[in-house]
Amino acid sequence: MNQKMFKRNELVRVKSFDKIVQTLDDDSCLDGLPFMPEMIEYCGKVFHILVKVEKTCVDNPTMFMAEFRNNDVYFLNDLRCSGLYHDGCQRACRLFWKESWLEPVSELAENEESDSESITKEVLINRLKTKLSDEKYFCQSTQLKEATVPLTAKEKIIKLFTDIKIGTYNWVEAIKLLVNPLLRKLVNKIRNLHPAGVLTRTPEEILNLQPEETVEVRTYDEILSTLDKRGKNKGLAFEPDMKFFCGKQFKVRNRLERMILEKNGKMIEVKNSVILEGVTCECYFAFGGCPRKEFQYWREIWLKRVI
């Protein structure tokens with residue numbers, strides 16, 4: 001049962017694992033949203049509310065915008081999934097937290113010890129579901145469709161006003177999230193704006209980049225020269241909003257060698273690719289916006305080392 005609506009920057013404690021288990025069904029879900037074993041390390045610890053998730057993009061089987069059932073989900077700080085119990089998935093998705101898994105906390109109680117250390121690995125594996133079958137994984141990302149309800153265009157606009165009220169976006173950002181997608185859709189009818197090259201067979205480059213290395217994103221024209229007619233390099237798309245990062249420098253966050261696909265729950269192997277620190281999808285072209293901030297995926301051929 002919901003307790004209250006937490007406010008942005010409010011201190012909250014993740015409840016003990018024992019308490020959270022009591023909220024879960026036989027599939028280790030609450031309202032269709034899984035509590036994953038990667039989340040147990042945060043039990044009993046204190047964090048700030050980053051934002052209330054009024055809506056989220058869902059890619060299953062195609063992309064749409066949706067609201068969580070009961071509309072009671074939050075992001076805490078920038079906590080992300082380690083993939084430790086999902087065979088090392090490296091997508092590093094933001095973790096969704098149901099209100100029933102959180103409790104208010106005063107600053108005086110901020111340092112209270114966590115009880116998560118008492119949770120054994122056996123409990124993690126036996127209690128929390130991580131797979132649907134040998135090929136299909138079970139996580140918050142793959143179950144988003146079951147945990148949410150699609151939004152109409154009118155509902156997205158209403159949600160955007162709520163986002164302004166609770167501080168997710170300011171007025172300027174909100175207007176851009178309404179106008180930019182409409183303008184792009186209009187212009188796209190005249191001229192295809194999606195990045196696309198001319199190649200039928202795309203090249204690759206092996207830089208073997210490592211975490212903490214500094215790289216510079218190549219120019220847009222240089223990247224176009226590596227893409228096929230679908231805007232992909234070896235099957236990985238260069239998305240339209242990635243153009244904004246061209247010419248800028250970033251640190252490598254981690255290598256991307258394996259990831260679970262949201263649309264089908266299957267693990268795929270990825271070659272010569274990395275995730276860059278702080279480089280996330282900003283949903284410039286999603287009507288009404290989305291706070292999910294999924295990391296962008298970068299082929300090494302789109303980058304160059306900064307010595």
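Of all residues in the stretch 232-254, those that are in contact with a Gly (Cβ under 7 Å, 6 or more places away or on another chain) and surrounded by fewer than 18 Cβ atoms within 10 Å (Cβ to Cβ) total 1. If I ask for residues that are in a strand (DSSP E or B) and either surrounded by 17 or more Cβ atoms within 10 Å (Cβ to Cβ) or among the hydrophobic types (A, V, I, L, M, F, W, C) (or both), which ones from the stretch 213-227 would you list? Listed by number, the residues that qualify are Val215, Val217.
Residues of the stretch 239-267 that are closer than 17 Å to Arg305 by Cα and either modelled with pLDDT under 95 or outside any loop (DSSP other than H, G, I, E, B) (or both): Phe245, Gln249, Phe250, Lys251, Val252, Arg253, Asn254, Arg255. The one condition from (1) within 30 Å of Leu160 (Cα to Cα); (2) in contact with a helix residue (DSSP H, G or I) (Cβ under 8 Å, 6 or more places away or on another chain); (3) surrounded by fewer than 21 Cβ atoms within 10 Å (Cβ to Cβ) that Glu54 does not meet is (3). Residues that are of a type in the set (A, V, I, L, M, F, W, C) and at pLDDT 90 or above within the stretch 179-219 comprise Ala196, Val198, Leu199, Ile206, Leu207, Leu209, Val215, Val217, listed in sequence order.
The values are calculated or read from the model by the stated rules, or taken from the named source; none is laboratory data. Given the structure is predicted, the values throughout are model-derived calculations rather than measurements. Neighbour counts are summed over all protein chains in view; Cβ atoms, including those assigned to glycine, are modelled from backbone coordinates with ideal geometry.
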